Each structure stands twice: as structure tokens, then as C-alpha cells.
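Colleague: Pasting in a structure now, in C-alpha cells, and then I'll have a few things to ask.
The values are calculated or read from the model by the stated rules, or taken from the named source; none is laboratory data. Just so you know, these numbers come straight off a predicted model, no measurement behind them. In this analysis, Cβ positions are derived from the backbone assuming ideal geometry, glycine residues included, and neighbour counts consider all displayed protein chains.
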């Protein structure tokens, strides 16, 4: 392979990424070109809006000198090893520079070049990392580790890539200075309290004095990167090689849809979440029940949504009862027990509370409310939240807004799963807002056996194949069909994946990242009980099936 081949490889990846990004509604400038560059390996020009790629021409004297310099800089023992390193790096490099282009095009490019480099690495990881097999990742790690050791000797500062990584918490976890349990606890705290990981780490007591000093110097290091940027080529390459090494070792999985929403402001049209009232009025409780009944022939998803809203409002009403009697104390305990115990497949357990509820609230219980509805209820005016009213208007044909249709489609998907079907409507809305859409071409892996990835997936359309490799040979285990959820076991166990899941035809998934799911579970702990219960039933069914086969 020569420099021309490497440049052509870069062009092919640019074309591939352009097509893939279009699936997510991300528009690359049609006039964007990959051009031959000089100097720095690859860069995006803010002046002319093109990407410039420089690769050594081994056939020319200058190219041979360039190759020799790069081999010395990166610790490559031969020209062939250097070419192999280039081959592994070019997909990442093109994706990285494409991210700069997109941030520029969508008007989100910031003044901090350090920040822009970290953000660009996220798109590069989203486009490249899942396509690398475990052996390819391992080969890339070996090349990069060799380059890091050589560059560190030249730079004289061995820790600056780790200390300047986009997430110091992930960097410390990857480098073994923070264990996985502490890592997840700190990350959850950081997300829940909306503080920086540095603030949590500084007060956590998990770090040595030397590490604390490095952490305190991090702002100065980032400022220095912004100031010098690419003026010191050796340090510039060292940063990028170190950051890429950390990306390849991270448990975190990046997604194009997440990048688009977070860094390009391309938000999907969805209804806003709902905050449950502490003491709703009887009128709003009845309005949700009536909406559930009237929506039944129009939309099962909407009908179920409104019934869940009715239950949540009623339970909030019951929990707001004031008093110190034994009966009221018992009622509140019982309310907590039945709070999430409804799947829609049996008699509503709320009816059980009838003997404990004060007479004034008896008409609101499931077995009596239908006969005692206020004849003057007005829908959608009496519905308690904007989201309720917009769903009602769309289902009844008053309007047909995209945000409502998208939200109902996502709710319908969750209703098909045993794990999420029984969750309250308010929690379901929080979940659907954190779905990332992922596209897979035939042959692409969703997850790899023996690799860490704690995210949970729902297949929207297409078909996936599950394979387990034993003694070096892949064995077919089964298929995943639309509507099925997978990956949830790793969320609980934090173990490596036990199988490879690969698309056997074009497929789309919704994914909930481990971090997002942890935060929602922290805010709504019953989601963990719901997931654990469904998983226990599923594993019991598998065990029984295995016993029947072996008897």
C-alpha cells in the first residue's frame, strides 16, 4: 500500500460517512472535498471548508524522509508497520475532521480547540469503534501504545494525554486508578447532581495526593492546549494518539444520534416530559380516566398512556391524604406497594385499596370511577399537562403534529417489552427522550463477544443474528426480531458480552446508554425492580426449556 492508496482510502471513508450521516438527517456540505495536504497529518480548514490529508509518498526522497521522521516519532519499526498504523488511523482521522466540518456547518463550533477536539473524537468513535473487531482493536491498541511510549519520551510529560482527556473520570478508570464500581458511583453522582466529574473526584477521597495535584492543574493544561494548539506538532500528535488510545479502551459507546443531538442541536421532535403533581385535583384524575376510555378505539397506546396517568394522579392524591390515624398510615404503605404494580393484563390492584380510602375519594377508584364521572368534564381542557392535551388532540384528529406521533411510536415500542411495559407514563416519557437511534448495515456488529458494553437495545426493524465463538469457531445461537430488547443482562452484571450480535439485513435499533439508564433508575428506583423481575422470569423460562431438552 502506498500514499496514493491511503489517500484513496480516505476518500472512500468520506463517501461512506457522508451516506451514513444522511440516515440520521445530518447534512454534509455537498461541496466538501478531501484534498492533498502538507504538514500536519490531517486537518479541516475553517477558511475554505475542506479536509486536507497528508500521507507520505514512499516513492520520493522527501516522502522517504517524512516516513523516517514519522517512524521515529511513532516508534514504528518499519515502513510496513507505519503503513498499517495509517490504515487503522485513517477511518478515525476522516471521521474526526468531518465532525469539525459539521460543527462549523451547523454553527456550533466553539472558541476552545481542546473542546472541539474532544467533541470530534466522539463522532469518530461513533462511526469507527463498533466496526473494529476485537482483534483489530487489540492491534490498534498495540500500535498506539508503542507510539505513546515513544512520544512521551520526546514530550517529557507522560500523563498529559490522560489528564486532558474529555472525561478525566473515564481516563482514570481506563488507566486503573479508579475501579469500575467507584467509577459508576461517581458518574451517577455527577449526573444526578449536575456537577463536573472533577468536583466529585476532588471530594471523593479516591485519589492520591499526586493525582489530586494533577487534577487541580487540569484547567491550566487545557488552557495551554488551546493556546498552543497545533504549533507544537509533536505534542499535538501525542495528545491525539493518547486520546484515541483511551477511546479504544473505554467502556463507553458513542452514537451518531447522540452526537447530532448534543453537539449539532439536531433535536428530535418529541413531547415534553411530565412532572407529577403532589396533590392533583379530582377533576384531573377523572379527566385522564375519561381520556383513556375515549381513546381505546382510536389508539391503544394513547389509551394505555392515559390510564397510567390516571393511576399516577390517583396514587399521588392518596399519598397526599393528611392525618395520623393507623388506617391512613396503612393506606400510604399500601399505596407504595401497589405504586407500580400494573401491567394492564389483570385486575388493577388499586381496587384493593377501596376498604382503606376515605369516602370522599372512593369515587376515584378503578371499580367505581366509570359510573361516577363528572358530566361536566371538558377534554382536553381538564387534562393536567400540556403533553396530555397534545396527545388527546392528535389521537382525536384535532391536530397531527410530528412530536406527538414520534412520542406515541416510542411509547408503543416500550409497551411491547416485558421490562418496560409496566412503568408509569411519566417514567416512560423520560425514557423515550433518552433513546438514541442507530443504523446498522448487513454484517455490522451491534455488540461484540467478550467486550464491555453495558447499553440496552431495542430492535426497531431488520433482523439480527446472535453468535457465540467457542474454540475460535462462531456458532449460531439465535435471532433477534423487531420489538425485542437485548443487552439488558450486561446492564446488571457489568460483565463482558457473552455473544456477538450482528445485523443480517439493514437494521435500526433504539439504544439506552448505561449512563442514561442509571440516572433514570436513580430518579425512579422502581425501574430496577421492573427490569429485575422481567429478567428473572425470562431466565426462569430459559432454565425450564433447558431442563426439558436434557430430560
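Colleague: I'd like to verify a number: residues in region 115-140 that are closer than 17 Å to residue 237 by Cβ and either assigned to a loop (DSSP other than H, G, I, E, B) or at pLDDT below 95 (or both), how many?
Modeller: Result for region 115-140: 1.
Each row is one residue, and each column tells you yes or no for (1) in contact with a strand residue (DSSP E or B) (Cβ under 7 Å, 6 or more places away or on another chain); (2) loosely packed, with under 14 Cβ neighbours inside 10 Å; (3) at pLDDT below 90; (4) farther than 16 Å from residue 254 by Cα.
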site: 449; (1), (2), (3), (4): yes, no, no, yes
site: 463; (1), (2), (3), (4): yes, no, no, yes
site: 479; (1), (2), (3), (4): yes, yes, no, yes
site: 497; (1), (2), (3), (4): yes, no, no, yes
site: 503; (1), (2), (3), (4): yes, no, no, yes
site: 525; (1), (2), (3), (4): no, yes, yes, yes
site: 551; (1), (2), (3), (4): no, yes, yes, yes
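Colleague: Only residues in region 278-290 that are surrounded by fewer than 16 Cβ atoms within 10 Å (Cβ to Cβ) count as the first member; pair them with residues that are at pLDDT below 95 and not in a helix (DSSP H, G or I), Cβ under 6 angstrom, at least 6 apart or cross-chain, and list the lot.
Modeller: Between residues of region 278-290 that are surrounded by fewer than 16 Cβ atoms within 10 Å (Cβ to Cβ) and residues that are at pLDDT below 95 and not in a helix (DSSP H, G or I), the close pairs are 279/320.
Colleague: Could I ask something else about it? Just to be sure I understand, how many residues within region 37-59 are surrounded by fewer than 17 Cβ atoms within 10 Å (Cβ to Cβ), touching a strand residue (DSSP E or B) at 6+ places or on another chain (Cβ under 9 Å) and either on the phi > 0 side of the Ramachandran plot or not in a loop (DSSP other than H, G, I, E, B) (or both)?
Modeller: 1
Colleague: Please work out if residue 395 is out of contact with any strand residue (DSSP E or B) (no Cβ under 6 Å at 6 or more places or on another chain) and touching a residue at least 24 places away in the same chain (Cβ under 8 Å).
Modeller: Working: out of contact with any strand residue (DSSP E or B) (no Cβ under 6 Å at 6 or more places or on another chain): yes; touching a residue at least 24 places away in the same chain (Cβ under 8 Å): yes.
Yes, satisfied.
Colleague: Moving to a separate point now. With the checklist (1) over 27 Å from residue 441 (Cα atoms); (2) touching a strand residue (DSSP E or B) at 6+ places or on another chain (Cβ under 9 Å); (3) at pLDDT 95 or above in hand, flag the one item residue 24 doesn't pass.
Modeller: (1)
Colleague: Could you run through region 138-161 and say how many residues are surrounded by fewer than 18 Cβ atoms within 10 Å (Cβ to Cβ) and within 17 Å of residue 175 (Cα to Cα)?
Modeller: 10
Colleague: What number of residues in region 285-315 are out of contact with any helix residue (DSSP H, G or I) (no Cβ under 8 Å at 6 or more places or on another chain) and not in a helix (DSSP H, G or I)?
Modeller: So the answer is 1.
Colleague: Taking residue 265, is it surrounded by fewer than 22 Cβ atoms within 10 Å (Cβ to Cβ) and on the phi > 0 side of the Ramachandran plot?
Modeller: Details: surrounded by fewer than 22 Cβ atoms within 10 Å (Cβ to Cβ): yes; on the phi > 0 side of the Ramachandran plot: yes.
Yes; evaluated as a whole, the condition is true for this residue.
Colleague: Just checking, how many residues over region 341-373 are part of a loop (DSSP other than H, G, I, E, B) and at pLDDT 70 or above? Working first, answer last.
Modeller: The initial filter retains those residues of region 341-373 that are part of a loop (DSSP other than H, G, I, E, B), namely 341-348, 356-358, 365-368, 373.
Now narrow it down to the ones that are at pLDDT 70 or above: 348, 356-358, 365-368, 373.
Summing the residues that are part of a loop (DSSP other than H, G, I, E, B) and at pLDDT 70 or above in region 341-373 gives 9.
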